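K.L.:
There's a structure below that I have some questions on.
Please treat every number below as a calculation from the coordinates, not as lab data. Computed from a prediction, not measured in an experiment: that's the story for all the values here. In this analysis, Cβ positions are derived from the backbone assuming ideal geometry, glycine residues included, and neighbour counts consider all displayed protein chains.
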Amino acid sequence: MKSEFEFIETIRRRYSLLKIGDDCAVLPKDSKTDLVISTDLLIEDIDFRLDWAKPNFIGHKAAAVSMSDVAAMGAKPVWAMLSIGVPHKIWKTDFVEKFYDGYFRLTKKFFVEIVGGDISKTPDKIVIDSIVAGEVIRGKAILRSTARCGDLIYVTGSLGGAAAGLTLLENGVRYDAAEKIWQRNLLLKQLSPLPQIYAAQYLTEKNAATAMIDLSDGLSSDLAHLCRASKVGAEIFADKIPIHKNLRAIGKSLDEKLDYALNGGEDFELLFTVNPKKKFQFENELKNLNFSHIGEMTANVEIIELILDEKRLILEPKGFRHF
Ligand code: ADP
Ligand code: MG
């Protein structure tokens, strides 16, 4: 098996699992509402490290990643289930309590209710599973697979901050000891991301987006997922990509900053497409949202082109991969 994406595609085809493939599964709830649901696994030393993140940050992030998947469907998160496996040495500390505090704080902020979970012992490392379910008006979930050639591509917020925060952690900078505000900002982007819950619901209410995905793996990879699902290509403009403002302090060259913004993961911003006929209406109605127009969908199926200094380059998906 080459990658996790190949694995997912294989089981999807082999067992005809047609609901697999988007940020959440969309299930009929009642005549007016669809239920959306997503699960995320976080493994110690793969997805987080105890010497890098305090337990409450780990709890926050476990909630944020699944809530972000619910947001990516244009849905409102409503319920959560949190499961954790911990080794005995961690069980004896206050880790689990602090971890739950972090999870609960973020879910409470968005009125998400924790309705269950499971807890068990592991031989060595911590394993976390966070499930978040939400609601959306029936038929209104914004899918990855419905972008059309010619649609305009937008992202919320700014990009590359979370990956730059990871570089700081790798270089030994810790949140509690970070002296500079720009360091703290980048570390917070990495350790304590904010899912774009309200932006997503605005997009649904205004019928604004034709397709959407959240930016968890990185722009180059997540745009590739959107292109594959929608059977289109894309062209994006390097000078339109909103690079996180604190990258000025960390990146040495424009190329390096652009690399963080294109290939760095975990910003948990939203990437969405808009019908070009609705551009002015959309930009006007949602002018209070922080978003940037970065490119267009093209007929060049699954090819992403980057326009940089009047050159047209093929952008390979270089974001995060588990395998
Ligand atoms: P995201 O980054 O949005 O959380 P993933 O890349 O984890 O999405 O998953 C993509 C899709 O594949 C989702 O629909 C998810 O439910 C599905 N998926 C991932 N892993 C598995 C698995 N082990 N079994 C079944 N479906 C899976
Ligand atoms: Mg996602």
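K.L.:
Which residues, counting only those in segment 186-223, are of a type in the set (S, T, Y), under 13 Å from V70 (Cβ atoms) and under 13 Å from the mean Cα position of the chain (by Cα)?
P.N.:
S216, the sole residue that qualifies.
K.L.:
Which of the residues belonging to segment 277-310 are surrounded by fewer than 21 Cβ atoms within 10 Å (Cβ to Cβ) and either closer than 12 Å to Y154 by Cβ or small (G, A, S) (or both)?
P.N.:
Across segment 277-310, the qualifying residues are K278, K279, E283, L286, L289, N290, S292, H293, E296, A299.
K.L.:
From (1) within 16 Å of ligand 1 (Cβ to nearest atom); (2) of a type in the set (G, A, S); (3) over 20 Å from the mean Cα position of the chain (by Cα), pick out the condition that doesn't hold for A25.
P.N.:
(3)
K.L.:
While we're on this one: Quickly run through segment 132-144 and pick out the residues that are surrounded by fewer than 18 Cβ atoms within 10 Å (Cβ to Cβ) and either among the hydroxyl-bearing types (S, T, Y) or in a strand (DSSP E or B) (or both).
P.N.:
Residue satisfying the conditions is I137 alone.
K.L.:
Let me ask something else. Sort out which residues of segment 195-226 are under 17 Å from R148 (Cβ atoms) and in contact with a Lys or Arg (Cβ under 9 Å, 6 or more places away or on another chain), and write them in order of number.
P.N.:
Within segment 195-226, N207, A208, T210, A211, M212, I213, H225, L226 qualify.
K.L.:
In segment 105-135, how many residues are more than 18 Å from A75 (Cα to Cα) and in contact (Cβ under 8 Å) with a residue 40 or more places away in the chain?
P.N.:
First, pick out the residues of segment 105-135 that are more than 18 Å from A75 (Cα to Cα): 105, 115-129.
Adding the requirement that they be in contact (Cβ under 8 Å) with a residue 40 or more places away in the chain leaves 105, 125-129.
Residues flagged as more than 18 Å from A75 (Cα to Cα) and in contact (Cβ under 8 Å) with a residue 40 or more places away in the chain within segment 105-135 amount to 6.
K.L.:
Here's something else I'd like to know. Anything in segment 183-207 that is more than 21 Å from K245 (Cβ to Cβ) and either touching a strand residue (DSSP E or B) at 6+ places or on another chain (Cβ under 6 Å) or assigned to a helix (DSSP H, G or I) (or both)? List them, or say none.
P.N.:
I197, Y198, A200, Q201, Y202, L203, T204, E205
K.L.:
Give segment 1-27 a look and list any residue that's within 16 Å of ligand 2 (Cβ to nearest atom) and at positive phi, or say none.
P.N.:
Answer for segment 1-27, where residues must be within 16 Å of ligand 2 (Cβ to nearest atom) and at positive phi: just G21.
K.L.:
Same structure, new question: Of everything in segment 145-182 that's aliphatic (A, V, I, L, M) and in a helix (DSSP H, G or I), which residue is farthest from I46 (Cα to Cα)? I'd like the intermediate steps shown before the answer.
P.N.:
We begin by selecting, within segment 145-182, every residue aliphatic (A, V, I, L, M); these are 147, 152-153, 155, 159, 162-164, 166, 168-169, 173, 177-178, 181.
Adding the requirement that they be in a helix (DSSP H, G or I) leaves 162-164, 166, 168-169, 177, 181.
Numbers: A162: 16, A163: 15, A164: 17, L166: 13, L168: 17, L169: 14, A177: 23, I181: 27 Å.
Here the residue is I181.
K.L.:
Turning to a different aspect of this structure: Looking at D30, D118, D101, which one is among the charged types (D, E, K, R), away from ligand 2 (no atom under 16 Å from the Cβ) and assigned to a loop (DSSP other than H, G, I, E, B)?
P.N.:
Just a single option satisfies the conditions, and that option is D30.
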